[in-house]
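Inspection log for the structure reproduced underneath, given as structure tokens.
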């Protein structure tokens, strides 16, 4: 299964929402679970947003750079 950057970005945004709602850590039985801190999630969101934009641009056919350089002799 291939995960796209758009999918990863959505998961990071869900994690941010859950963290903001107050569920940063929880206990299940004798185990304690803790989510990443907010600053780490924000940096991941910024990184994946940039990569997802490139991914979407490439998928729509407008992601490449076409530069023409003329050399005069």
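The values are calculated or read from the model by the stated rules, or taken from the named source; none is laboratory data. This is a predicted model, so every value here is computed, not measured. Here the Cβ positions follow ideal geometry from the backbone for every residue, glycine too, while neighbour counts run over all protein chains shown.
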Taking interchain pairs and intrachain pairs at least six residues apart, which have beta carbon atoms under 6 angstrom, with the first residue in the range 32-56 and assigned to a loop (DSSP other than H, G, I, E, B) and the second surrounded by 12 or more Cβ atoms within 10 Å (Cβ to Cβ)? 35/19; 35/24
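Look through 57, 36, 49 and report the one residue that is under 18 Å from the mean Cα position of the chain (by Cα), at pLDDT 90 or above and either more than 23 Å from residue 3 (Cα to Cα) or surrounded by 12 or more Cβ atoms within 10 Å (Cβ to Cβ) (or both).
Values: 57 fails: at pLDDT 90 or above; 36 fails: at pLDDT 90 or above.
Selected residue: 49, the only one of 57, 36, 49 that is under 18 Å from the mean Cα position of the chain (by Cα), at pLDDT 90 or above and either more than 23 Å from residue 3 (Cα to Cα) or surrounded by 12 or more Cβ atoms within 10 Å (Cβ to Cβ) (or both).
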